[in-house]
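Visitor: Sharing a structure here in structure tokens format.
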Amino acid sequence: MSGLTGTWESDEVHGLESIVDHFGVDCEMRKLLLTANPTYTYTPLGDDGMKIRVDSEIRNAEVSFKFGEEIDEKTVLGRVCKSMYRKISNNEIVNTQRHPEGIIEIDHKVDGNKLVMTVCVADKKCCRTFHRKQ
């Protein structure tokens, strides 16, 4: 996972409002989500797993997993979902989260010197870009 390894800081986000609306987030949490600037840190765990740490104004979280194994994961909204991560390449992983409100696909992909995170739920799509922290 050499491409993803390291710490990434948020640059910009597009389409987050539609995702937030889909989940019926209250006004206070909506404001926090729309203004947050998360930092993601990816650490390989051998050849078949990874740890992802997220630090943001909302909350800090960490998840460790083996690729292809389903786990229970707590979302940024504090909801527990069934989650599975798949390794697509050394520069890309896809996370599928199963919620009562639907299925979310989150693609983490390094494109040049940027990390592009694309979130899809139902017919909604959000894209956030990050730069590698020096």
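Visitor: Looking at GLY24, GLY78, GLY112, GLY15, can you tell me which residue is within 17 Å of PHE130 (Cα to Cα) and exposed (fewer than 13 other Cβ atoms within 10 Å of the Cβ)? Steps first, answer last, please.
Guide: Details: GLY24 fails: within 17 Å of PHE130 (Cα to Cα); GLY78 fails: within 17 Å of PHE130 (Cα to Cα); GLY15 fails: exposed (fewer than 13 other Cβ atoms within 10 Å of the Cβ).
None of the other options fit; the residue is GLY112.
Visitor: Applying the selection to region 101-118, what residues are modelled with pLDDT under 95 and either aromatic (Phe, Trp, Tyr) or assigned to a strand (DSSP E or B) (or both)? Even if it seems obvious, please write down each step before you answer.
Guide: Just the residues of region 101-118 that are modelled with pLDDT under 95, to begin with: 101-104, 111-113.
Of everything in region 101-118, those that are modelled with pLDDT under 95 and either aromatic (Phe, Trp, Tyr) or assigned to a strand (DSSP E or B) (or both) turn out to be GLY102, ILE103, ILE104, ASP111.
Visitor: Among the residues of region 93-100, are any part of a strand (DSSP E or B), surrounded by 15 or more Cβ atoms within 10 Å (Cβ to Cβ) and on the phi > 0 side of the Ramachandran plot?
Guide: Going through region 93-100, the residues part of a strand (DSSP E or B) turn out to be 93-99.
Remaining after also requiring surrounded by 15 or more Cβ atoms within 10 Å (Cβ to Cβ): 93-97, 99.
Next, from what is left, pick out any that are on the phi > 0 side of the Ramachandran plot: none.
Looking for residues that are part of a strand (DSSP E or B), surrounded by 15 or more Cβ atoms within 10 Å (Cβ to Cβ) and on the phi > 0 side of the Ramachandran plot, one finds none in region 93-100, hence no.
Residues are listed down the side, and each one gets a yes or a no for (1) over 19 Å from LEU115 (Cβ atoms); (2) part of a loop (DSSP other than H, G, I, E, B):
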position	(1), (2)
SER2	no, yes
TRP8	no, no
SER18	yes, no
GLY24	yes, yes
ARG30	yes, no
ASN37	no, yes
TYR42	no, no
GLY46	yes, yes
MET50	no, no
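Visitor: When you check LEU45 against the structure, is it loosely packed, with under 15 Cβ neighbours inside 10 Å, among the aliphatic types (A, V, I, L, M), over 15 Å from the mean Cα position of the chain (by Cα) and more than 13 Å from TRP8 (Cα to Cα), yes or no?
Guide: yes
Visitor: Please work out if ARG30 is out of contact with any strand residue (DSSP E or B) (no Cβ under 6 Å at 6 or more places or on another chain), without any contact (Cβ under 8 Å) to a residue 12 or more places away in the chain, surrounded by 14 or more Cβ atoms within 10 Å (Cβ to Cβ) and over 24 Å from LYS87 (Cα atoms). Working first, answer last.
Guide: Details: out of contact with any strand residue (DSSP E or B) (no Cβ under 6 Å at 6 or more places or on another chain): yes; without any contact (Cβ under 8 Å) to a residue 12 or more places away in the chain: yes; surrounded by 14 or more Cβ atoms within 10 Å (Cβ to Cβ): yes; over 24 Å from LYS87 (Cα atoms): yes.
Answer is yes for this residue.
Visitor: When ILE88 is evaluated against the numbered criteria (1) of a type outside the set (Lys, Arg); (2) outside any helix (DSSP H, G or I); (3) over 21 Å from ASN113 (Cα atoms), which criterion, by number, is the only one it fails?
Guide: Looking at each condition in turn, ILE88 falls short on (3).
The values are calculated or read from the model by the stated rules, or taken from the named source; none is laboratory data. Since this is a predicted model, take the numbers as computed values, not measurements. Virtual Cβ from ideal backbone geometry, glycine too; neighbours counted across all protein chains shown.
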